[in-house]
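Input: a single structure, listed below in structure tokens.
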Amino acid sequence: MDNGALKRNIEQRLSQFEADGAPYISSAAHSFERGEHKYKNKMSSASFKLKDIQGIVFGPSSTRFWLFRKHMITMDIKNFKDPKDVPWYSWECLSLQLKHRDVDIVIRDQENMTKLLKFLIYSMDTIDGEKGSSIPYQTFLVENLKKNKATDTSEEEIEFKVRHQLMKKTSLKYSILRIRQKISFMAFMKKMTIQELIL
């Protein structure tokens, strides 16, 4: 898929996400049917718009997650082997920072977590979790590329390419954080330091 097609695909998904009738990140927004059972979900009072997100924090750093610490510390270490017995693992936690509150979520599926992170990184223009933090870098890189650009590359394509590349690099940083958290957990399960585990 070329850059033009990729850009159209991303912009189409963003506009669809923000379209009337689906502007919220919520557990439910519509009525739907599954099999013989019919479920009807209402918009939660805790719902919010994508543009309301000021920042993202990967991992269990928020107060709500820390409140679980006492419970998890008292758990038998054998229970940590079965995901069903553990409230969450650190790499499954994500906090969305709004203006007046935080929304803490747990995403068990790693692929879904990666997709959501990439979407948030791209739509928020972030490199460190704070909204708009990648914009100065985008401006700098675009200006440099404009000076050396090929004649068949439009300014719009350059801007999209820079934004997309920054999203990929930022997503990689979150993947490294996930790996570090998993290594720490492995050391914890073996009652070893990370140095002992690796060596």
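Coordinate-derived values only; no laboratory data. Because the structure is a prediction, the values reported are computed rather than measured. Heads up, the Cβs are rebuilt from the backbone with ideal geometry, glycines too, and the neighbour counts pull from every protein chain shown.
Under the Karplus relation 6.51 cos²θ - 1.76 cosθ + 1.60, θ = phi - 60°, what is the ordered set of whole-Hz ³J(HN,Hα) values for segment 131-136, x standing for Gly and Pro?
4, x, 5, 8, 4, x
Can you pull the one-decimal nm distance between simple spin-label points at Leu199 and Arg69, each 7 Å off the Cα toward Cβ?
2.9 nm
Rounded to the nearest 0.05, what FRET efficiency do Glu143 and His164 give with R0 = 30 Å and r taken as the Cβ-Cβ distance? Could you check?
It comes to 0.95.
Sort 104-114, 160-170 by the packing proxy (mean of other Cβ within 10 Å over each peptide's residues), most packed first.
160-170, 104-114
Could you give P(r) for segment 39-82, binned at 5 Å from zero, as whole percent values over all Cα-Cα pairs?
5, 13, 14, 15, 17, 12, 14, 10, 1
Please sort 85-92, 73-80, 115-122 by packing, taking for each peptide the average over its residues of neighbouring beta carbons within 10 angstrom, highest first.
115-122, 85-92, 73-80
I need the calculated FRET efficiency for the pair Arg101 and Ser154, taking r as the beta carbon distance and R₀ as 30 Å, to the nearest 0.05.
Efficiency, from the Cβ-Cβ distance: 0.15.
Taking amide H positions as placed 1.01 Å from N in the peptide plane, with prolines and chain starts having none, which residues 5 or more places from Phe48, or on another chain, fall under 5 Å of its amide H?
Ile25
Sorted by average packing, counted as other Cβ atoms within 10 angstrom per residue and highest first, what order do 96-103, 134-141 take?
Highest-to-lowest ranking by the protection proxy: 134-141, 96-103.
How are the Cα pair distances of segment 122-173 distributed, in percent, across 10 Å bins from 0?
Binned Cα distances yield the sequence 26, 52, 21, 2.
Using the Karplus equation 6.51 cos²θ - 1.76 cosθ + 1.60 (θ = phi - 60°), what ³J(HN,Hα) coupling, rounded to whole Hz, does each residue of segment 182-199 give in order, writing x for Gly and Pro?
5, 5, 4, 5, 4, 5, 4, 5, 8, 6, 10, 7, 5, 4, 5, 5, 6, 7
Once label points are set 7 Å from the Cα along Cα→Cβ at both Val57 and Glu111, what is their separation, rounded to one decimal in nm?
Distance between label points: 3.0 nm.
Which semi-axis lengths, in whole Å and largest first, follow from the square roots of five times the eigenvalues of the Cα gyration tensor of segment 53-198?
37, 18, 12
Could you give the dipole magnitude of segment 64-116 about its Cα centre, charging the beta-carbon of Lys and Arg +1 and that of Asp and Glu -1, in debye to the nearest 20?
The dipole magnitude comes to about 200 debye.
Calculate, in nm to one decimal, what Lys49 and Lys182 gain on full extension: separation in residues at 0.36 nm each, minus their alpha carbon distance.
Answer, rounded to one decimal: 44.7 nm.
From the backbone phi of segment 66-78, what are the Karplus-calculated ³J(HN,Hα) couplings (6.51 cos²θ - 1.76 cosθ + 1.60, θ = phi - 60°) in whole Hz, Gly and Pro given as x?
5, 5, 7, 4, 4, 4, 6, 5, 7, 6, 5, 4, 5
Lys131: which lysines have alpha carbons under 22 Å from its alpha carbon, excluding same-chain residues fewer than 8 sequence positions away?
Lys7, Lys49, Lys51, Lys99, Lys115, Lys118, Lys161, Lys168, Lys169, Lys173
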